[in-house]
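Q: The structure is given below, and queries will be raised subsequently.
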Amino acid sequence: MSDVGDDLGPRPELTELLTRLADDPQAPPSSVSALSVIAAARAEAQTAATDAMGASSGDKPPAPPGTGSTSRRHRPGRRRLFIGGLVAAAALAAIAAVVVPVTISGNSSNTSADSARVATAANPPAAEQSAAALAPAPGSAGSSGGAGATGEQEAGGAADTAGDASAAGAAAGAAGCWPELTEAASDALLDALPPGEFEGPIPLTADCGPAPVGGAVLGGTEPGTVLVVRVSAAEPGACLTDLADPCALQSGAVYLAADAAGVDTAYVYGNGFEVAVGGWPAVGDSVAVLSGLTTDELVAAAQAVLGTLG
Amino acid sequence: MGPEEEAKFSVYVTARRDQVRRTAYLICGDWHRADDLTQIAFVKLYGAWEQIRDHAALDAYVRRCLMRVAVDESRRPWRRERAVEVLPEVTDRSGITADIATGVVDREFVRLAMAEVPAGQRAVLVLRYYEGMDVSATAAALECSEGNVKSQTARGLAALKAALARQSPAGGDSR
């Protein structure tokens with residue numbers, strides 16, 4: 001360290017110092033996991049929704065790469081614009097609430113929104129449909145003042161119902177396609193893996209296969225390793241038809257595949273199932289992650305899972 | 001975030017967690033705070049995940065989040081570092097070999113020396129000499145100018161040198 005501070009070039013001795021400091025064998029195990037991060041992010045999103053204005057500027061994340069830059073210089077301007085818009089909208093609403101009912105008081109109800117209200121009173125189930133059909137016409141209803149507001153509320157209620165239904169459908173569609181592994185399969189898998197090299201399995205929610213039976217992701221205790229397990233209903237050799245990374249027959253019902261990034265995957269077949277065990281392949285723009293296991297260990301893990309499937 | 005993207009995110013976190021945690025530890029000097037910083041950085045990444053088109057830039061984005069959080073945290077009143085007359089938990093350094101460059105290092109010795117370097121300069125040192133980043137990449141990670149990185153590097157190196165010298169067994173003998 002005799003020359004520390006003399007120039008700004010590479011300093012192997014300082015790098016060595018810092019590396020030794022960071023590679024502390026007595027460091028406690030990390031409490032951070034993908035699940036804890038996702039849970040915290042969801043909780044933070046809920047909090048942010050209820051307290052949108054509470055975040056301090058220092059806690060804001062930087063602009064993501066590949067997106068339009070969110071310069072700090074522009075934020076105050078956008079905030080002023082946003083607040084100005086809110087004030088203008090509130091002023092317009094206040095004027096409309098006072099002036100419009102006065103000017104149209106005494107007029108007969110002959111707008112489409114009023115028709116919807118009348119139809120609702122006469123035949124509620126059918127009226128909901130007609131109100132939904134009338135919903136895209138707030139401009140015409142707006143001219144009727146307070147009566148129009150009622151029509152909009154009814155139409156909006158119908159639209160909300162439809163929205164809830166579509167949201168529920170979307171949520172159902174968004175559910176993970178891989179069911180969790182059975183407890184027996186998880187236990188057999190962990191028993192077959194080198195002890196202490198992987199954490200417990202978490203649900204696999206990506207790369208849906210044609211007939212998913214079960215899936216799991218196991219984070220490796222060795223940095224930068226992960227194990228992905230997928231169980232599908234398939235005939236022996238089904239992996240040969242994989243267009244991206246076709247496997248090759250190893251022996252019997254055991255097949256091996258390796259992608260361009262060197263991620264090995266073992267396929268084992270039996271009882272109408274395919275058990276694939278390996279790292280995380282570089283599919284599309286995702287990051288390839290090795291499993292850190294030998295092919296023999298991958299095959300053993302896959303066979304252990306297959307042994308629990310009837 | 002959809003399940004497919006969430007799975008990709010999980011794999012990324014699993015793969016990068018330890019490296020990010022080590023960097024955080026070098027900056028804050030405490031493994032539990034390093035966990036906190038790591039968690040916050042990944043939570044911010046989660047929020048921006050679907051806006052990130054270039055997944056090759058994920059590491060840089062996480063690094064920027066981590067640096068911003070670490071420096072912000074160090075400025076909070078309850079985190080602010082205070083100068084004390086006696087260093088806490090000073091270890092017996094009588095057995096430390098004088099030649100640090102050869103790698104015989106007491107981690108606590110280095111950790112205490114790093115703790116004496118101001119937070120901003122410490123972050124620059126970690127990025128430059130642990131992460132191996134050049135001046136421009138460090139400036140991008142810290143969202144400052146390259147000139148600032150250069151000056152902070154020089155000051156940080158000087159501060160670290162002084163801290164190491166103060167804590168050397170010879171008590172200030174510059175090595």
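Q: Can you sort A:308, A:294 by solvent-accessible area, 1.4 Å probe, largest first? Provide the component values of the computation, followed by the final result.
A: Values: A:308 50, A:294 75 Å².
Of A:308, A:294, the descending order of accessible area is A:294, A:308.
Q: Karplus couplings for the stretch B:6-17 from phi (6.51 cos²θ - 1.76 cosθ + 1.60, θ = phi - 60°), rounded to Hz, Gly and Pro as x?
A: After applying 6.51 cos²θ - 1.76 cosθ + 1.60, I find 5, 5, 4, 4, 4, 5, 4, 4, 4, 6, 9, 3 Hz.
Q: I've got another one for you. Tell me which residues come under 5 Å, amide H to amide H, from residue A:261 once H is placed; ignore anything under 5 positions away on its chain.
A: Here A:282 satisfy the definition.
Q: Further, regarding this structure: Please list, in chain and number order, the residues 5+ apart from residue A:221 or on another chain whose amide H is under 5 Å from its amide H, with Hs placed from the backbone.
A: Amide H neighbours of residue A:221, under 5 Å, 5+ apart: A:198, A:199.
Q: Between chains B and A, what is the buried accessible area in Å², counting both sides, with a 1.4 Å probe and ligands, DNA and RNA left out, to the nearest 100?
A: Summing both chains' loss of accessible area gives about 5800 Å².
Q: Summing +1 for each Lys or Arg and -1 for each Asp or Glu, what net charge is found among the other residues whose Cβ lies under 11 Å from the Cβ of residue B:156?
A: Numbers: positive: B:122, B:128, B:150, B:155, B:161; negative: B:116.
Overall, the nearby charge balance is +4.
Q: So, one more: In whole Hz, what ³J(HN,Hα) sequence does the stretch B:148-162 give by Karplus (6.51, -1.76, 1.60; θ = phi - 60°), x for Gly and Pro?
A: Result, ordered by residue: 5, 4, 4, 5, 5, 4, 4, 5, x, 4, 5, 5, 5, 4, 5 Hz.
Q: Sticking with this structure for a sec: Taking a ≥ b ≥ c as the square roots of the Cα gyration tensor eigenvalues, with a/c under 1.5 meaning rounded and otherwise prolate when a/b beats b/c, else oblate, which class fits the stretch A:190-310?
A: Verdict is rounded for the stretch A:190-310.
Q: Largest first, what is the accessible-area ranking of A:277, A:98 with a 1.4 Å probe?
A: Accessible-area ranking of A:277, A:98, largest first: A:98, A:277.
The values are calculated or read from the model by the stated rules, or taken from the named source; none is laboratory data. Predicted model only: the values in this text are computed from it and were never measured. Using ideal geometry, Cβ is built from the backbone for each residue, glycine included, and neighbour counts are taken over all protein chains shown. The area values use the complete protein model at the heavy-atom level, side chains included, leaving out ligands, DNA and RNA. Shrake-Rupley method; radii C 1.70, N 1.55, O 1.52, S 1.80 Å.
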